[in-house]
1. Taking only Cα atoms and a 10 Å spring cutoff, compute GNM fluctuations for the chain and point out the largest among 211, 70, 13.
2. Tell me the label-point distance for the pair residue 253, residue 94, using the 7 Å Cα-to-Cβ offset, in nm and rounded to one decimal.
3. Angle, helix 110-125 long axis vs. longest principal axis of the chain, Cα atoms, 0 to 90°, nearest 10?
4. Tell me, what is the FRET efficiency for residue 215 and residue 124 to the nearest 0.05, using R0 = 30 angstrom and their Cβ-Cβ distance as r?
5. Helix 200-209: angle to the longest alpha-carbon principal axis of the chain, degrees 0 to 90, nearest 10?
6. Looking only at Cα atoms, what is the convex hull volume of region 40-120 per residue, in Å³?
7. GNM, the chain, Cα, under 10 Å: largest mean-square fluctuation among 45, 78, 137?
8. Could you tell me the largest-minus-smallest coordinate of the C-alpha atoms of region 1-81 on each of the three principal axes, in descending order and whole angstroms?
């Protein structure tokens, strides 16, 4: 793609995972130039007019390096998707302080630091949108996932605070709360016994039965919701909000 004054740039963390990979592809298909970040390699087929940076965003020094590479690539950002996450599925009494801190560093502190580093690039662009990928665990959770749930709840509060403080510079900040989505992270959590049942497929089926739609989500469906929140043409009057995309799981009373 040829660089023009109308080119839009977006940085997406957790780019090599299920939701991240689908989001990278969607934004590229829509004409955005993508900076992807993940601790894991992306492999083939990263958009050729973008860049991929393999790095762990839980480390503050790494984030400084990520944004230095971003500034070498572009002097402006129109979007930031904070999607990278670490999930530990353990009872509270078995979760160590080190594990708790690792989850908070990956899921919450990284968003705080990334927003500050991205801010000058948003200013150069004349504004933009930040989408924080939270989780339904921020509003209703289950046993053995406390650190993850706490980090995603904190992310909702941070989203609201960022929306208020960044509004004067035309930077919108919203959160998306996915429910059960068939990703490597979900399957890894199921493999650790986070959801009761037999094998992985049986546990996925148990999750599906808890949604109104009767199935788990697809990464591409979450990517579409992220795009909606990031694109000013579609959601220009939304900021400080939490969009739940969970197949109706949180709409149903658990007592019925």
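1. With Cα springs under 10 Å in the chain, the top fluctuation among 211, 70, 13 is at 211.
2. Calculated label separation equals 3.4 nm.
3. So the inclination is approximately 30 degrees.
4. Values: r = 42 Å, r/R0 = 1.41.
It comes to 0.10.
5. 90
6. Expressed per residue, the convex hull around the Cα atoms of region 40-120 is 107 Å³.
7. Result for the chain, Cα springs under 10 Å: 45 fluctuates most.
8. On the principal axes, region 1-81 reaches 33, 26, 19 Å in Cα extent.
None of the figures in this text is laboratory data; all of them are computed from the coordinates on show. Keep in mind it's a predicted model, so treat the numbers as computed, not measured. As a convention, Cβ positions derive from the backbone with ideal geometry for all residues, glycine included, and neighbour counts pool all protein chains shown.
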